[in-house]
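Take a look at the structure below.
The values are calculated or read from the model by the stated rules, or taken from the named source; none is laboratory data. Only a predicted model underlies this, so the values are computations on that prediction, with no experimental measurement involved. Quick reminder, even Gly has a Cβ in these numbers, built from the backbone with ideal geometry, and neighbours come from all protein chains shown. In case anyone asks, the SASA skips ligands and DNA or RNA and just uses the protein heavy atoms, side chains included. Shrake-Rupley method; radii C 1.70, N 1.55, O 1.52, S 1.80 Å.
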Amino acid sequence: MPYPISPESLARHSANRPWMVVALWMVALVAAVIIAFNLLGDALTTKFEITSDPDSVRADELLEDRLRGQRHTTEIVVVTSNELTVNDLEFRQVVESTFASIMALGPEVIDGGVNFYSTGDPSLVSDDSHTTILPFTMTGDLDDANDNIGSVLDIVRGTEAPADIQVLMTGEATIGDDFQTLSQEDLLRGESIGILLALIILVIVFGALVAALVPVMLALLSIAIAIGLAALIGQAFELSFFITNFITMIGLAVGIDYSLFIVQRFREERDRGRDKQAAIARASATAGRAVLFSGTTVILALVGMLIVPSSVFISLGLGAILVVFVSILASMTLLPALLSLLGDKINRLALPFIGRGKAGFDEDAPSGFWDTVARAVMRRPAITFALGAGLLIATAIPYFSINTGFAGVSTFPDDIESKQAFLILQDEFAAGLVAPTEIVIDGDFSSPAVQEGISRLVLALEADADFAETTVEADEAGDLALLSVPLTVPDDTVLASNAINRLRDEIIPKAFDGVPAEVLVTGLVAFNEDFFDVARDAVIPVFAFVLGMSFILLMVVFRSIIVPLKATLLNLLSVGAAYGLLVLVFQKGYGNEIFGFQQVEAIEAWIPLFLFSVLFGLSMDYHVFLLSRIREHYDRTGDNAGSVAFGIRSTGRLITGAALIMVAVFGGFASGRMSSLEQMGFGLATAILIDATLIRTVMVPAGMKLLGKANWWLPSQLQWLPDLRVEAEPLVIQGASSESDTDSAS
């Protein structure tokens, strides 16, 4: 029974009123660009927030309410020389002129600062006297500091100094500024590489330049509108600045793929003799419906990221959901309108030596590479399935030795000045000066018991080589104390994590045993540790939600219990293999130099959970498209093996092209200079490649051959489920094509 609103009905209405549909989308595009231009800056933040209530968040709230108000960021200017020391006049002139210029920015930018020559503090000078630091505090919170840090950086970078003197700067806002700059550079690089490679692949798949350009145009439009929507939402909830990178990456991948499937099905239907309008309707009733359900699966998987109480996960999940939703809507409405306007002009600018590459839909004449592969696999299904599963499991094994953490400033490229300054701090001072660990003591500061607890804590920290000199202060009411202690180890290392865990689990409990006070630890490393805990705690609910919702949707779409079970198992195998390769390449360093990746101590803590949600959704795309063609043929013939071979050969070239586009897009982002984007792009590209090759060409046909008719088994207790099969019943051909009919709306 036809549904009042369906991909087919939307396509028919859009194809009948193409200019109106195009005009509406152009209005939406212009509005999105205007909104993004005016509002996006205020919607984004570099702050990483945990929306639950861990120790670090509670400690920051206590400090803000009762001691210092807003937390300010500390930036540090580093002045160093190989030949000169702080006792040389030239060195002193550089320090004092730089300090004066920074202070001249006024209280709107700078809250305060010190230097060696004004205080005589020896802790501001290195042991060899060749380096000094100028710590200063930015006015306002981190977002205010991010807005104002550019004027400070202009002063530091514009300092006139003798050739032997270096003036560098590091700190939360400085590192954040470099982080944003690098991410934008990587974004542009990833976009350019991804779009270029995607266009080349589309030309090979379609054999025509016009057909290749249409999916790219729709993807770019979807990205722009999704960014505009994100800017609007960001007026109510601050979003991580990473959201634009992620919208672009996912938008290019799914936006191009969704259009690719529908355009190719339209061309296939035209080759079968359907007129233009019937071909559009049939393409939308089949490939369009597959896009709708596979896109819905992607969105459901991405909703799992919204469960994680972290601004980064919520922002990335929201951004991906927005661009997938817009891409689906564009493929349901704008694409049919464009096909109506173009007709057979979609095949214009055909390239020689690259044929149209028919999809191999003639079941009466099975042939071709993909048909041969499918039938070869199904001749010995048990052996091929076992070998494929064994290979994937073996590839996943390195994941069990994963270390998770954060790639801090030490993973920046060597030419980034904030990294250079940070490394000098690490070698000559204490790297933790940038963001010291803060121990908040909520109790009566004048109480002898509290005083004794603080004394024991200070003594324990002084005896621990991972902690530097401590400072203690209390609020005016005397009911809250703050003990600040920089770490002597880099904050993005396992040593720093171990120090914080030791502080929380051993040092503080021992020092405050029996003391009537609550002691909480905050600071950058403590916050990171809380984030790691949040990510670990979210694994079970996210996995349960994503697996459960995907299973239910696939069960309804294909009216089968076995299909969603098998799809879930195979997707878990491909994700596990991607995890293993990620650890093998980045953490263990096998083959990282081949790809130009840097070896790191730990995988980004957010990567595993992030990859699961994204990959589980994206890999379902190919399952839905492949299984929909198999089910379409099986419903007509009842031949299980023949239907599997038909599905493989009819989608082989298309799914391979679509997968290569995703690999190209994700690989483009992996080619950047930021370790986090390298890991993200590599993980996504690897899993998609595994899914589109080993899973689709070996595991799926072997598994379906082994199960036979059981593939489509649905218990009698579930027969009441609605029949939402992806592939509709064949339409009656309404007429032969003619050039005049084809281009009547052009």
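Exactly one residue out of Ser619, Ser574 is small (Gly, Ala, Ser), modelled with pLDDT under 85 and either buried (at least 22 other Cβ atoms within 10 Å of the Cβ) or not in a helix (DSSP H, G or I) (or both), and it is Ser619.
Answer yes or no as to whether Val303 is surrounded by fewer than 24 Cβ atoms within 10 Å (Cβ to Cβ) and at negative phi. Yes, satisfied. When Thr286, Thr248, Thr297 are checked against the criterion of being farther than 28 Å from Gly207 by Cβ, open to solvent by less than 10 Å² (accessible area, probe 1.4 Å), of a type in the set (S, T, N, Q) and touching a residue at least 24 places away in the same chain (Cβ under 8 Å), Thr297 stands alone in meeting it. Of the strands (runs of 3 or more DSSP E) lying entirely inside the stretch 410-487, not one contains at least 2 residues that are touching a residue at least 40 places away in the same chain (Cβ under 8 Å) and open to solvent by 70 Å² or more (accessible area, probe 1.4 Å).
If you filter the stretch 306-321 down to residues that are touching a residue at least 24 places away in the same chain (Cβ under 8 Å) and open to solvent by 10 Å² or more (accessible area, probe 1.4 Å), you find that the one that is farthest from Asp537 (Cα to Cα) is Leu318.
Against the criterion of being within 21 Å of Ile262 (Cα to Cα), hydrophobic (A, V, I, L, M, F, W, C) and modelled with pLDDT of 90 or more, Ile227 does not qualify. Restrict the check to the stretch 174-188 and report whether at least one residue is crowded, with 18+ Cβ neighbours inside 10 Å, over 23 Å from Ala670 (Cβ atoms) and either of a type outside the set (Asp, Glu) or out of contact with any strand residue (DSSP E or B) (no Cβ under 7 Å at 6 or more places or on another chain) (or both). Yes, the conditions are met somewhere in the stretch 174-188. Looking at (1) at pLDDT 80 or above; (2) surrounded by fewer than 21 Cβ atoms within 10 Å (Cβ to Cβ); (3) not in a strand (DSSP E or B), find the lone condition where Gln166 falls short. Of the numbered conditions (1) at pLDDT 80 or above; (2) surrounded by fewer than 21 Cβ atoms within 10 Å (Cβ to Cβ); (3) not in a strand (DSSP E or B), the odd one out for Gln166 is (3).
Only one of the numbered conditions (1) under 26 Å from Phe313 (Cα atoms); (2) open to solvent by less than 10 Å² (accessible area, probe 1.4 Å); (3) modelled with pLDDT of 80 or more is not met by Ser643, and that is (1).
Identification of helices (runs of 4 or more DSSP H) wholly contained in the stretch 55-144 with 3 or more residues that are in contact with a Leu (Cβ under 8 Å, 6 or more places away or on another chain) and hydrophobic (A, V, I, L, M, F, W, C) yields 55-66, 89-103. The condition (being at negative phi, surrounded by fewer than 19 Cβ atoms within 10 Å (Cβ to Cβ), touching a residue at least 40 places away in the same chain (Cβ under 8 Å) and touching a His at 6+ places or on another chain (Cβ under 9 Å)) is satisfied by just one residue among Glu49, Glu83: Glu83. Is the stretch 89-102 home to any residue that is crowded, with 16+ Cβ neighbours inside 10 Å, hydrophobic (A, V, I, L, M, F, W, C) and within 37 Å of the chain's Cα centre (by Cα)? Scanning the stretch 89-102, I find at least one residue that is crowded, with 16+ Cβ neighbours inside 10 Å, hydrophobic (A, V, I, L, M, F, W, C) and within 37 Å of the chain's Cα centre (by Cα), so the answer is yes.
Report yes if Ile204 is open to solvent by 20 Å² or more (accessible area, probe 1.4 Å) and within 26 Å of Gly652 (Cβ to Cβ), otherwise no. So Ile204 passes the test. The set of residues in the stretch 664-692 being charged (D, E, K, R), assigned to a helix (DSSP H, G or I) and either surrounded by fewer than 24 Cβ atoms within 10 Å (Cβ to Cβ) or out of contact with any Gly (no Cβ under 9 Å at 6 or more places or on another chain) (or both) consists of Asp691 alone. Of all residues in the stretch 525-552, those that are under 30 Å from Ser628 (Cα atoms) and either of a type in the set (Ser, Thr, Tyr) or buried (at least 20 other Cβ atoms within 10 Å of the Cβ) (or both) total 3. Scanning the stretch 697-715 for residues that are open to solvent by 10 Å² or more (accessible area, probe 1.4 Å) and assigned to a helix (DSSP H, G or I) yields a count of 9.
For Arg274, are the conditions met, namely being out of contact with any Cys (no Cβ under 7 Å at 6 or more places or on another chain), in a helix (DSSP H, G or I) and among the charged types (D, E, K, R)? Judged against the criteria, Arg274 is not a match. Among the residues of the stretch 378-398, those that are under 26 Å from the mean Cα position of the chain (by Cα) and open to solvent by 70 Å² or more (accessible area, probe 1.4 Å) comprise Ile393, Ile397.
If only residues of the stretch 1-22 that are in a helix (DSSP H, G or I) and open to solvent by 50 Å² or more (accessible area, probe 1.4 Å) are counted, the one that is farthest from Leu524 (Cα to Cα) is Asn16.
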